[in-house]
Structure formats: C-alpha cells, structure tokens
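Some notes on the structure that comes next.
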Amino acid sequence: MLYRKRQDGKVDCFLCARRCLINDGATGFCLVRKNENGTLFSLVYGKAISASVDPIEKKPLSHFNPGALVMSIATMGCNFRCQFCDNWMISQEKNIDGKNLPPEQVVKAAGENSCQGISYTYTEPTIFMEYAYDTAKLARQVGFFNTFVTNGYMTPEAVKMIAPYLDAATVDFKGGADPEFYRAVSAVPSVAPIFEALKEMKRKDIHVEITNLVVPKIGDSLERIKELAVWIRDALGKDTPFHLLRFHPDYKLTSAPATPVETLEKAYVAAKEAGLNYVYLGNVPGHACESTYCPNCNELVVKRYAFEIVRWNLVKDMRCPVCGTQVAIKGKLHAGGHGLPYALF
Ligand code: SF4
C-alpha cells in the first residue's frame with residue numbers, strides 16, 4: 001500500500017513521513033518493507049510479535065469507551081529510533097520474527113477474550129499498515145472498534161486510507177515536541193508531519209488523545225509543553241485529553257533518571273493554564289491526576305487507579321452529577337474491567 005514504482009526499479013514509499021526511496025533488494029528505514037524487483041512488500045503481514053488483552057486505559061485512552069478491553073497486536077519494526085524505547089526488543093531488531101496470526105485470527109481472539117476493540121500498538125502501527133488495515137476492516141464488520149497507538153509520523157495519505165476503519169488514536173509526543181529532541185534522541189528529522197497527520201485525523205473525525213513523554217533535563221521544558229498544549233487547544237480543541245507521561249530509564253537512555261513527580265505536576269499546571277480541559281499524569285499509579293474532573297465545577301467524575309476505573313460518578317449522557325456539564329467521553333462505560341492486562345504471547 002502507498003508506494004510508487006520508478007522506472008529504474010526503485011520505489012517511493014509514502015506510508016510514513018520518512019518517504020523512503022528504496023533500491024531494489026533493500027528495505028526501508030523501518031526494516032519491514034522491502035523492494036523486491038520493483039515491488040514493495042510488507043515483511044510482517046500477519047506476523048504478530050505480540051498479542052495481549054489490555055484495558056483501553058493502558059493505551060492510554062481515557063475518553064473513549066472507558067473500561068473496554070482491547071486485543072492489542074504488534075509486529076516488529078519501527079520508523080523511529082528512540083533511545084529510550086521500552087519495546088526496543090521488538091521495534092529495533094533487524095531479524096524479523098513473529099507468530100502467524102492472520103486478521104481473521106486476531107478478530108477471533110478478540111471475541112474469545114471478551115474484547116470490544118482491537119488496538120494496533122507497542123510498535124508503530126503505520127509500518128504494518130496492510131495488516132492493520134485488513135484486520136480493522138474485518139473487526140469493524142463484526143462490531144469491534146479500532147484504535148492506533150502511534151507516533152503520528154504518518155503521511156496524510158496513510159491517515160486517509162485507514163480513517164474509514166479507525167475510531168480512535170493515541171498520538172505520542174516526546175520531549176514536548178521539541179524538534180532538537182526528536183533529531184537527537186529519536187532520529188526524526190522533523191516534527192511537522194506529526195502535526196499534519198493530527199489535523200487530518202481531526203478532519204476525519206477520529207477520536208484523538210495526545211501523550212507527551214516528559215524526559216528529565218533533555219525533554220522537560222515547560223515552555224515546550226505549554227506550546228504543545230496551546231497547539232492542541234487551537235487545532236484539536238480544548239476537550240482533547242492530554243496525558244503527560246513519566247519517563248523511566250530504558251534501552252540506551254539509562255543515564256537520565258525517572259521523571260520527578262514534581263516536574264510532571266508543573267507540566268500539568270502548564271497544560272491546564274493553556275486552557276485544556278482534560279489533562280492527566282501517566283505512569284504514576286495512585287496520583288490524583290489520573291482521574292477525570294468536571295471542567296466546570298471540578299467534581300471528581302471518574303476516579304482511576306493506574307488502568308482501572310475505581311469509581312464512576314457520571315450520570316446519564318456523561319454528565320457531571322453536581323452541575324450537569326457534559327464531560328467529553330465517547331462511547332459508553334464498559335463495566336467489569338479489572339484493569340489488568342494479560343499476554344496471549
Ligand atoms: S513505512 Fe518504512 S519504508 Fe515506508 S517510508 Fe516509512 S520507514 Fe520508509
């Protein structure tokens with residue numbers, strides 16, 4: 001999908017914003033798309049490296065079908081080279097591996113495990129688009145929703161292609177979207193395509209939640225976080241949930257410490273001051289900022305602990321029980337979730 005053949009045997013891939021020009025016999029930057037005699041093949045179609053049942057709150061999606069369970073799948077490969085990747089064993093490995101799990105089997109597994117949706121996650125779903133696309137189409141036919149957890153480095157063409165089947169997306173920023181951070185830590189030349197992809201998602205009416213990984217010292221600028229929050233407010237709307245995530249040392253970036261909670265709290269205040277209604281702190285289980293508060297009267301309306309909903313305090317039509325303000329949550333509450341993920345493999 002989304003490539004063009006050239007007369008000299010090379011191909012242009014325009015699935016993600018890297019827009020690789022790939023020689024015959026070579027793979028693209030993501031390592032999972034290969035030019036074989038002028039035809040671009042996905043090397044990971046139907047080859048899941050991971051399949052797990054997750055609470056939707058783990059994505060994180062806090063304003064979309066709360067309490068739902070999602071069948072989460074990933075293949076190997078990625079179009080980023082984040083030095084802090086906590087899934088580097090599957091995202092950066094050159095030898096392609098995976099278990100044969102065709103789209104029909106993914107959908108079947110979702111049903112057998114009482115899921116309400118499918119999530120394409122852990123590695124970058126853009127780079128396994130054909131697999132995600134076919135699965136999402138089938139999933140939709142039997143009533144499941146589909147969500148991406150993505151770095152957002154997609155072309156507008158890719159967003160347009162998956163949009164008819166994509167219900168929600170978590171788009172992950174790092175370091176407050178600082179272009180220098182992206183260049184130095186993730187080998188990404190420009191952040192501009194992420195903003196373009198987000199605008200396209202908005203046009204396509206895909207429910208979007210934004211995360212930002214706050215990395216101590218090199219990616220924790222309050223000005224950057226505030227700028228990002230202002231952009232979200234103006235381009236996507238003040239009801240867009242914004243999750244500020246705690247960093248923990250991993251892979252090649254073990255010299256930086258975990259993000260101090262005070263840093264996250266300052267970032268929370270900055271994002272609220274920018275005018276966003278729903279700001280969250282992530283990876284800090286038990287923190288009050290995991291929960292949802294009414295944007296009008298500040299009543300606690302959804303109390304969470306990590307990925308679990310421990311108290312639901314909204315009344316009919318997602319309204320605050322105190323002042324009646326409608327809280328921007330799509331879908332419905334799926335009761336019965338215990339907030340504990342488990343892996344199929
Ligand atoms: S999907 Fe892979 S091959 Fe295509 S442009 Fe992105 S990194 Fe390059």
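Look at Val310 and say whether it is surrounded by fewer than 16 Cβ atoms within 10 Å (Cβ to Cβ), within 28 Å of Asn113 (Cα to Cα) and β-branched (Val, Ile, Thr). Yes; evaluated as a whole, the condition is true for this residue.
The set of residues in region 168-223 that are among the β-branched types (Val, Ile, Thr), in a loop (DSSP other than H, G, I, E, B) and within 22 Å of Pro260 (Cβ to Cβ) contains only Ile218.
Check region 3-10 and report whether any residue there is within 9 Å of the ligand (Cβ to nearest atom) and either crowded, with 16+ Cβ neighbours inside 10 Å or in a strand (DSSP E or B) (or both). Yes; the residues of region 3-10 include at least one that is within 9 Å of the ligand (Cβ to nearest atom) and either crowded, with 16+ Cβ neighbours inside 10 Å or in a strand (DSSP E or B) (or both).
Looking at Thr259, Thr254, just one residue is buried (at least 19 other Cβ atoms within 10 Å of the Cβ) and among the hydroxyl-bearing types (Ser, Thr, Tyr), and that residue is Thr259.
When region 77-93 is filtered for residues that are surrounded by 18 or more Cβ atoms within 10 Å (Cβ to Cβ) and without any contact (Cβ under 8 Å) to a residue 12 or more places away in the chain, nothing remains.
Checking the conditions here, which among Gly98, Gly46, Gly38 is touching a Gly at 6+ places or on another chain (Cβ under 7 Å) and among the small types (Gly, Ala, Ser)?
Checking each option against the conditions leaves just Gly38.
The set of residues in region 1-13 being in contact with an Asp or Glu (Cβ under 6 Å, 6 or more places away or on another chain) and hydrophobic (A, V, I, L, M, F, W, C) consists of Met1, Leu2.
For region 23-58, the set of residues classified as near the ligand (Cβ under 8 Å from one of its atoms) and in contact with a Leu (Cβ under 7 Å, 6 or more places away or on another chain) consists of Val32, Arg33, listed by residue number.
Between Phe144, Phe80, the distinction of being of a type in the set (A, V, I, L, M, F, W, C) and out of contact with any Ser or Thr (no Cβ under 8 Å at 6 or more places or on another chain) belongs to Phe144 only.
Listed conditions (1) touching a strand residue (DSSP E or B) at 6+ places or on another chain (Cβ under 9 Å); (2) modelled with pLDDT of 95 or more; (3) not acidic (Asp, Glu) are all met by Pro295, apart from (1). Check whether at least one residue in region 62-78 is closer than 22 Å to Asn283 by Cβ and at pLDDT below 95, and report yes or no. No, the conditions are met nowhere in region 62-78. Among the residues of region 126-145, are any β-branched (Val, Ile, Thr) and either within 16 Å of Val32 (Cα to Cα) or without any contact (Cβ under 8 Å) to a residue 24 or more places away in the chain (or both)? Checked against the condition, which is being β-branched (Val, Ile, Thr) and either within 16 Å of Val32 (Cα to Cα) or without any contact (Cβ under 8 Å) to a residue 24 or more places away in the chain (or both), region 126-145 yields at least one hit.
The values are calculated or read from the model by the stated rules, or taken from the named source; none is laboratory data. Just so it is clear, the model here is predicted, and its values are computed rather than measured. Here Cβ is always computed from backbone atoms with ideal geometry, including for glycine, and neighbour counts include all displayed protein chains.
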